[in-house]
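Colleague: Submitted below is the structure of interest, expressed as structure tokens.
Read the figures in this text as sums done on the coordinates, not as results from a lab. Just so it is clear, the model here is predicted, and its values are computed rather than measured. With ideal geometry, Cβ positions are generated from the backbone for all residues, glycine too; neighbour counts draw on all protein chains shown.
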Amino acid sequence: MDSEHEKKRSRQESFVQYVIELCKKDNGAAAALRRADNPATEYQSWEYLAAFSIDLENPFERIPYATIAAAIARAKPDKNGSMGIGKAIALCYDDRSDSDQAKAKLRRLLACDSTEEACRILRPLFSLIESKSEAMPDYARLLRQLTGFNFDSNRSKTQWASEFYRQSSPAEKEEASV
């Protein structure tokens, strides 16, 4: 990657790449980051969040970054994904008979009133996506949506709903299952 492209990378993209690389080379850091989304053990990840200049005293910043760091540490991706969270949820339930379950998961996420609540609801959704789909969420985009959630939650919610309800082409479904 050339330095010109790195300069254009957003803070969220840089953070996602930082966590992916950190988890690859440091098992202790990966273990601490896997616990970052649990309020009782979140403090174990603060060293790594602070190293990236995350404001630990600001829950609107700390909680989304901790949630995404934990999801990445659990999934162990080689790179950031490209799928929106709404579409990733939808792909977990390909059968028509399961569509009500998928819609219920989405509705619960859309009902969130705060960043903290959205992050709490996302935690089991990451496990669901990892177990039922080959889809890899775009963690940087989701982090951007979560850090802006308290300022404009409708924007994030409409993006999630659009991703979920948008009809995907057979080629997209095939790509997601690879």
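Colleague: Which of the peptides 61-74, 147-160 is most tightly packed, and how do the rest follow, going by the mean number of other Cβ atoms within 10 Å of each residue? Spell out each step's value before the answer.
Modeller: Numbers: 61-74: 24.6, 147-160: 16.3.
The most tightly packed comes first, giving 61-74, 147-160.
Colleague: List every residue whose amide H lies under 5 Å from the amide H of Met83, counting only residues 5 or more places away in sequence or on a different chain, with H placed 1.01 Å from N in the peptide plane.
Modeller: Correct list: Met136, Asp138.
Colleague: Which value at 222 nm does the chain reach when only helices count, each DSSP H run of 4 or more adding -39,500 (n - 2.57), with the total divided by all residues and rounded to the nearest 500 deg cm²/dmol? Mind showing how you got there, number by number?
Modeller: On the way: 11 runs with 118 residues, N = 178.
Value at 222 nm, helices only, nearest 500: -20000 deg cm²/dmol.
Colleague: When Lys79, Lys87, Lys103, Lys8 are ordered from fewest to most other Cβ atoms inside 10 Å of their Cβ, what list results?
Modeller: Working: Lys79 10, Lys87 22, Lys103 15, Lys8 7.
By the 10 Å Cβ count, ascending: Lys8, Lys79, Lys103, Lys87.
Colleague: Explain nothing, just the number: relative contact order of the range 3-75, from Cα pairs under 8 Å at least 6 residues apart, as a whole percent. Display every interim value, and only then the final one.
Modeller: Working: 65 pairs, mean separation 24.6, N = 73.
After rounding, I find 34 percent.
Colleague: Something else now. Tell me the relative contact order for the chain as a rounded percent, counting alpha carbon contacts under 8 Å between residues six or more apart.
Modeller: On the way: 212 pairs, mean separation 45.3, N = 178.
Relative contact order for the chain comes out at 25 percent.
Colleague: Using θ = phi - 60° and the Karplus relation 6.51 cos²θ - 1.76 cosθ + 1.60, list the HN-Hα couplings for the range 77-94 in order, rounded to whole Hz, with x at every Gly or Pro.
Modeller: For the range 77-94, the Karplus-derived couplings read x, 7, 7, 5, x, 10, 9, x, 5, x, 5, 4, 5, 4, 5, 6, 10, 6 Hz, x marking Gly and Pro.
Colleague: Classify the range 54-144 as rounded, prolate or oblate, taking a ≥ b ≥ c as the square roots of the eigenvalues of its Cα gyration tensor: rounded when a/c is under 1.5, otherwise prolate if a/b is larger than b/c and oblate if not. Don't skip to the end; give the middle numbers.
Modeller: Values: a/c = 2.49, a/b = 1.41, b/c = 1.77.
Oblate.
Colleague: So, with +1 on the Cβ of K and R and -1 on the Cβ of D and E, and no other charges, what is the size of the charge dipole of the chain about its Cα centre, to the nearest 20 debye?
Modeller: Dipole of the chain, to the nearest 20 debye: 260 debye.
Colleague: Going by average Cβ neighbours within 10 Å, how do the peptides 34-41, 53-60 rank, with the highest at the top? Don't skip to the answer; put the middle values down first.
Modeller: Numbers: 34-41: 16.4, 53-60: 13.1.
The packing order, highest mean first, is 34-41, 53-60.
Colleague: For the pairs Lys25/Lys79; Lys8/Lys79; Lys76/Lys132; Lys76/Lys157; Lys8/Lys76; Lys25/Lys87, flag any whose C-alpha to C-alpha distance is greater than 20 Å. Please report the intermediate quantities before stating the final value.
Modeller: Details: Lys25/Lys79 14 Å; Lys8/Lys79 17 Å; Lys76/Lys132 16 Å; Lys76/Lys157 26 Å; Lys8/Lys76 25 Å; Lys25/Lys87 31 Å.
Beyond 20 Å between Cα atoms: Lys76/Lys157; Lys8/Lys76; Lys25/Lys87.
Colleague: At 30 angstrom or more along the helix axis (alpha-carbon based) and mean Kyte-Doolittle of 1.6 or higher, what helices does the chain contain? Whole DSSP H runs only.
Modeller: On the way: long enough: none.
Correct list, ordered by number: empty.
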